[in-house]
1. How much length would be gained if the chain were fully extended between Glu168 and Trp187, taking 0.36 nm per residue of separation minus their Cα-Cα distance, in nm to one decimal?
2. What Cys residues in the chain are without a partner cysteine, judged by a Cβ distance under 4.7 Å?
3. Taking only DSSP H segments of four or more residues, each worth -39500 (n - 2.57), what value at 222 nm results for the chain once the sum is divided by all its residues, to the nearest 500 deg cm²/dmol?
4. Test of understanding: ordering Leu99, Leu56, Leu205 by Cβ neighbours within 10 Å, fewest first, what list do you get?
5. Provide, in order from the shortest bin, the percent of all Cα-Cα pairs of the range 125-210 in each 5 Å bin, continuing until the bin that contains the maximum pair distance.
6. When the label point is put 7 Å from the Cα of Trp19 along its Cα-to-beta-carbon vector, which residues of the range 216-236 have a backbone N closer than 15 Å?
7. Arranged by the count of other C-beta atoms within 10 angstrom, fewest first, what order do Thr231, Thr185 take?
8. Looking at the chain, what % of its DSSP beta bridges pair antiparallel, to the nearest 5?
Amino acid sequence: MIGQRESVSGAHFAFTDRWGGVSAAPYEELNLGGAVGDAPEAVRANRELAAKSLGLDPDLVVWMNQVHGADVAVVDEPWGEGPVPEADAVVTARRGLALAVLTADCVPVLLADPVAKVVAAAHAGRPGMVKGVVPAAVRAMAELGAEPGRIVARTGPAVCGRCYEVPEAMRAEVAAVEPAAHAETGWGTPAVDVSAGVHAQLDRLGVCDRARTPVCTLESQDHFSYRRDRTTGRLAGYVWLD
């Protein structure tokens, strides 16, 4: 259920895998995405299971309506009833409020300044990385008192540069914005490495405490992958403060 978990000075980071939930095929098992065609009651049950496995109150988890953009929402309480606002990054300074990001090949980015007590979660697919969603999240954190040199950054399971094949024109367009994302597949065709691009952006911002998981979602049967399966579930990354 929780494929990776880490705590740093009162800030907590976690990434799920696909197992331990109640969803039926093709979303088996721990689908946490509510907009992929899965039964709503299964998604609710899965979100409760995942939250409780982390010691979190499911009602204190903030989700996003992700649209591959660069908008950042600053929150100090759950959304409540009604539609979830469109955003691809969310930031809070409220302890105990967990921020969640959904992915199935895109890069889940979790950020925390344990001193300023500010955390952020960002959804960085290829479009969002190019638009600068991660730098936008860091700027929003700074407005709440965070300092890039203190930020701890963790990126979770995502399609790797060896597998993310794209047309040459698209690779050139991405690399013009972020050269570090230029990649080649394992079979010698143009590719994009979104995780490498995100980490290059963080490095330029002065975020030094960074780590990325070695898991490639397309290669791993323990993780959902949109590129591999199309109709599939969504993983989640969670970040919160004591």
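1. Result for the pair: 5.4 nm of gain on full extension.
2. Cys with no partner Cβ under 4.7 Å: Cys106, Cys163, Cys208.
3. On the way: 6 runs with 57 residues, N = 242.
It comes out at -7000 deg cm²/dmol, rounded to the nearest 500.
4. On the way: Leu99 27, Leu56 21, Leu205 17.
Fewest-to-most ranking of Leu99, Leu56, Leu205: Leu205, Leu56, Leu99.
5. 3, 16, 24, 22, 15, 10, 6, 3, 1, 0
6. Residues 220-224 qualify, since their backbone N sits under 15 Å from the label point.
7. Values: Thr231 11, Thr185 16.
Sorted ascending by nearby Cβ count, the order is Thr231, Thr185.
8. Details: 35 of 47 bridges.
Around 75 percent of the beta bridges assigned by DSSP in the chain are antiparallel ones.
None of the figures in this text is laboratory data; all of them are computed from the coordinates on show. On a predicted model such as this, the values are computed, not experimentally measured, just so you know. Ideal geometry is used to build each Cβ from the backbone, glycine not excepted, and the neighbour counts take in all protein chains shown.
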